[in-house]
Every structure is written in C-alpha cells, then in structure tokens.
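Just so it is clear, none of the values below were taken in a lab; they were calculated from the coordinates. Since the structure is predicted, the reported quantities are computational estimates derived from the model, not experimental observations. FYI the Cβ positions are ideal-geometry reconstructions off the backbone, even for glycines, and counts take in every protein chain you see.
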DNA sequence: GTGAAAGCGCTAACAA
DNA sequence: TTGTTAGCGCTTTCAC
C-alpha cells in the first residue's frame, strides 16, 4: 500500500537517486524531470520514509521530550508549545512520562537515544553525573535545572520567590512557612536559597513534600500549627492542597492564612479563592527548549526566563 | 560513540548475524556464545537501533497519539496512561497536538504513517471519510468517536447523561438547561440524544459553545435568564466557567442553581463548590486504546467504557 | 550453531 | 543532469 521511492522511480522511468534528489536537493534536477517525479509521487501518495532516510543522513527529525508527570497541569502547556514549535521545524516528538522514577527516566533516554536528534529533559530526576554521562550519546536541553555546560532553559524562580516574599512582607506577614517540593528539586533549592537570605522574615521550613495536591493536604496540619500567617508553596498544586487542608480545619484563606503558589496552572485560576501565584513561562520555555536543541551552534547556551507575581485572592493582610 | 551491532561482533569475534540472533532469537544461539555476546554488548553499551530494525521487520515499535489540544485537562491523564501502557509493551509514542485544526491533523497523520505501527486518534476533527481513507495506510484506534468498522474506545456518555438527569430529577429539578459543546462533537450529540427522550423534564438547549471556561462564562447570563434551576454542561471546563459567571451575578451554586459537568478533571475536584460531574474513564481509555491497537487480531473491536456520576457539592435540591 | 549474502528505503559520492 | 554503486544498522533466508 505504502509506496516507496522505487515505485515512484519506476512510475516515471527514472532512477531512484533522481527521485531522492527531487526531494532532498531539487535544484540539482532538471525542472522537467522534477515535475514528472513530483507528479508521480503525488499520484502514488508517496512520502519519504523518514526513518530510512535517517539511517544514511544521521538526522532523524525526531526529538524526545521527557517529563516526570504529564498530568501535572504545569506540563501540558509546555508540551503543547514544544510540540508546536517542533512541528514548525518539521520535527516529531516522542513524549515520555517517567512517573517521577529516575530509573525509568534513564531507560527511556537510552532507548530513545538512537531514534532522536536530541532530547528535552523537563525537571529531570536523574543525578547530574548520570545526565552528563548520557549526554555523551545524545544532545540534551534541560528545562528547570542547571547543569554545567549543558544548554538549559531556566525560569527565574529566585526572582519569583523574592517577589512573593516581598508581597507577603508588604501585607504585614513576618512568620512565613516555606513548603518545599521533592528532594533534589532545583526549583526547591532556588526557593530555599532566596529564603535563606531574606532579611527580617521568620521562615519555617517544611519538606520534602510530594509536588501534588496530596502533598499540600498532608502538611496542612503542621503548617497550621507552626504559627505562620502566610505560606509560600512549592507549586500551585501543593498550594491548592494546602488550602483544602486548611479549609478542613476551618482555617480561612486568605483571612487567617495567606497562600502563594508557583506555576500559574489552570486549577489555580479557577479556584475559590483564586490563587495568588508566581507565573512560570511554560509556553515560552517549551518553545525555547526546542530552539536551543535545534540550533546546534549554541552549545551550552542557557536561557533564563522571567517569572511574574500574579496577585489574586489567596493573599491578604496579616491578621493582627 | 554509539556502538553498532558490528562493534559488538568484532569485539567478540563472531559474525553480526550471531549478534543479531542473540537479541532477537536468543534460543537459537549457543549459551556460551550468547553470554560472550551479551557481555561485549553490555561492555560497549550497545543498544539495537530500533529504526534500522524496523526497516527489515516492518515493525517500528512506535505509535502515534494525536489529540486536538494537549492542554485541555481532559487529555493529560489519557496521554499519560496510554504512554505508560505503551512503555510496558516496549513502545514509544509520538504525541502530536493538532490545535483543533483538521488540516494539521491530516498532515500529522501522513508524516507519521511510515514511522509508526499505528495511531491513536483522540476526539479527531477529521471527517469520517478522510479517516477511513487514511486508515488504508496505517492502523487506527479512535477514541471518543464511532466510525464504522474501525476499532474504537468509547465512553458511555449517554449513560452518564441519564445518570445526571436522574440525579437532578431526584432533587426536584424540572426545568434544566443543557449547555452543549462545539458543533459536530460526538459527545454533544450523545447528550442531546438522551435529552430528547427524557420524559417529564423541561429541557432548555444552549449551544453551540466553546468547550472551555470562556464558553461557560459566556452563556451564564442566558442560562440564568431561562428560568432553569439546574444545568448539565458539556464538560467540566464549561461548568466551571458557568459557575463563575453565575457567581458574578450573585447566583449561588448549588443554592439557586445546580450544575453538573462532564469529565471529572482536576480543576473541578479542587473547585469550591466541588463540582458534581460525570466521570469519564480517561485513564482506562488510554490503556484500552493502546491494547486495541496492539492486538492486531481484534479488528474493528469497539470498547465502551462505563461512566459514573460523582456527586459532590455543585448540585442540591431545587429551590421551591 | 554460525557465517555468508541479500535486502529493507533511502542518500551520497562518483562516474558518465 | 542522470545513473551506478556502496552503504547506513539491522534481520533473515540459506548454506555449511
């Protein structure tokens, strides 16, 4: 059913290499022949087999996109954007979910390696050393993590955290709970870094936590008990879980406790109260990651994207 | 850097075909040789090139998953599940977003065809005729749509709609607004079919609408004005938008109007009031779709998955 | 049980 | 401008 270059060649009485040329170097073939070939190809519904082509050229026109959890609402917009950008460059993208498991992540990368021109690693859970090792076999662009000498798309979490802390301080909050994410998360570390140098604030640290609603729900009692009047959560999901847990204890947000999340995901925008959050430029990040991967020239380039505080309804003046 | 079958062959002094056999038909090779080959392969970090293998075997161990909008919260769990199931079968999956554009959808399928063993079409926007045509070149499994003779994974929307309507009737609602989705949506049609045969209920129809929060927000005034005491929305996003629009008009849910959505997406679970909804088995659908695609025997098999009403907080007794 | 040879669909020198 | 040839990495007869 599916026609090959041979069929086309036979159909218009030329050699296969001529057909090949019409597609990969059209200017090298006689206009008349070219149009004959094109007509025949169109007629047969011929499409070059990209995998076969890759065997000789070394370029697959495929890329991998590896992510810890597709259903974390933070990722879909990023995936969508990356996928769209890739399509614009005639690339297909393998999307793989590691289920937060480093072993799965490693195995996925290994099996993908030969089939792609590069892979986008989003918030990887693998160690730096392992990533560096794997990078010997396939080009990476890392999103949300900094690894020396490796192209990366970073979001300015520190900036966002400062914005958030300033906002809270401005509302009269002093004792603030910092609810972090999983161990080894780059984002978490950045947040803590900012917290460590925050002057005049009394920060209480909680972690590690699952980066999910459940994680937030679980720490809610501790957070409530610590005497903080505000909390900065690892991400919106955690923040939302936290709010829910607080509500179960009849603690109102923002009346009794203010809550800020990170990411700006859809559920936060729809929540009541609407979540105050640090918006992460996921769409832009997806696009940039693809560009960085494809412009082989820019080795080691690191892009840092701005974040922004979006004040909505989950933060308010500290109760006195 | 990346080693091939040749490298392994040379490393342990056997012919490439022996190495090939060790991986694809281990029982045909002498145990002693086998372990020598395996050792060498491991040593060199050899991984078979799947694309090259596909060239001879005709099986790529790749599949495509095409979806209209990755960032619609309904899809990520389905994608994740499909991806996980595929991984368990040693398959990789190309995920592509069509941006709701049929042309993009067609082009994507065409370029993917040679590179995959089959494709999962989720809520496709293409015409039946076109899908049937494309199916000549690559096996499909369609999700959320019925096309004669084509394997499909359906969710029992009609059942869910009946459940929802019964629930509302039981709460004393008679005049119920039906807020539909886009034109030509299979799901919308199913819902309307059920509505048409609902006895003793006074249904008011609104549509078509965008399948988003904005769509719900936009119809809120009309719905409020129509005198209905309850509404069945096309999906959760629409329901959420509706609730927000109603709130803006100071109409309380469920005190003044009850609202039911479809899908059971995360934002609905986190919303206040928590959304009453008809849960769609997205995870199961993703898994089943993969299974259907892979069990080539089951041609034309159609699976219909049950839906379930999840009563939460957005529905209550009709006000009298 | 293992090697030799052909071929999958395509590209890339090299000739003609 | 076009055809010839070789080969990408792998599998699969077919001999041995």
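Quick rundown of the values:
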quantity: Rel. contact order, % - alpha carbon contacts under 8 angstrom, at least six apart, the range B:5-56; calculated: 35
quantity: Contact order normalised by residue count of the range A:157-281, Cα under 8 Å, 6+ apart, percent; calculated: 24
quantity: Cα gyration tensor category, rounded, prolate or oblate, for chain B with a/c compared to 1.5; calculated: prolate
quantity: Centre separation in Å (Cα based) which lies between the range A:22-84 and the range A:144-163; calculated: 32
quantity: Highest-fluctuation residue, A:56, A:113, A:98 considered, GNM on chain A with Cα pairs under 10 Å; calculated: A:56
quantity: Residues B:174, A:167, A:15, sorted so that the one with the fewest Cβ neighbours within 10 Å comes first; calculated: A:15, B:174, A:167
quantity: Partner chain coverage, peptide B:52-63 - average Cβ within 10 angstrom; calculated: 2
quantity: Rg to Rh, two decimals, where the range A:65-156 supplies the alpha carbon set and Rh follows Kirkwood; calculated: 0.92
quantity: Helix A:31-44 axis, angle to chain A major axis (alpha carbon atoms, nearest 10°); calculated: 70
quantity: Burial ranking of peptide ranges B:203-210, A:210-217 (average Cβ count within 10 Å, highest at the top); calculated: A:210-217, B:203-210
quantity: Chain A - mean residue ellipticity at 222 nm from DSSP helices (-39,500 (n - 2.57) per run, n ≥ 4, rounded to 500); calculated: -13000 deg cm²/dmol
quantity: Global geometry of the protein assembly as shown, whether rounded, prolate or oblate, following the gyration tensor of its Cα atoms and the 1.5 cut on a/c; calculated: oblate
quantity: Angle between chain A longest axis and helix A:213-225 axis [Cα atoms, degrees, rounded to 10]; calculated: 20
quantity: Distance cut-off 26 Å, percentage of C-alpha pairs in the range A:157-281 lying past it; calculated: 8
quantity: For A:6, B:114, order by how many other beta-carbon atoms lie within 10 Å, fewest first; calculated: A:6, B:114
quantity: Average Cα contact separation per residue, the range B:136-197, under 8 Å, 6 or more apart, as relative contact order %; calculated: 29
quantity: Ranked packing of B:189-197, B:61-69, most packed first, by mean Cβ within 10 Å; calculated: B:61-69, B:189-197
quantity: Likely footprinting exposure, A:122, A:226, fewest C-beta neighbours within 10 Å first; calculated: A:226, A:122
quantity: With Cα atoms, 0 to 90° folded angle of helix B:75-88 axis to chain B main axis; calculated: 20
quantity: Inter-label distance, nm, simple model (7 Å from Cα along the C-beta direction), residue A:247/residue A:312; calculated: 1.3
quantity: Efficiency of FRET between residue B:272 and residue B:137 - r from beta-carbon atoms, R0 51 angstrom, step 0.05; calculated: 0.55
quantity: Peptide A:134-147, shielding by other chains (average Cβ, 10 Å cutoff); calculated: 1
quantity: Relative counts (whole %) of C-alpha pair distances in the range B:123-221, using bins that are 5 Å wide; calculated: 2, 11, 19, 18, 17, 13, 9, 6, 3, 1, 0
quantity: Tail fraction, Cα-Cα pairs, the range B:208-310, threshold 20 Å, whole percent; calculated: 45
quantity: Two-site label geometry, residue A:214 and residue B:301: point separation in nm, points 7 Å out along Cα→Cβ; calculated: 3.0
quantity: In nm, spacing of pseudo-spin labels at residue B:226 and residue A:103 (7 Å Cα→C-beta vector); calculated: 5.4
quantity: Contour minus Cα-Cα distance for residue A:174 and residue A:197 (0.36 nm per residue); calculated: 6.9 nm
quantity: Residue-averaged beta-carbon neighbours from other chains (10 angstrom radius) around B:98-109; calculated: 1
quantity: Packing-based ranking, highest mean first, of A:276-286, B:137-147 given that Cβ atoms within 10 Å are counted; calculated: A:276-286, B:137-147
quantity: Cα gyration tensor, the range B:5-56 - rounded (a/c under 1.5), prolate or oblate; calculated: oblate
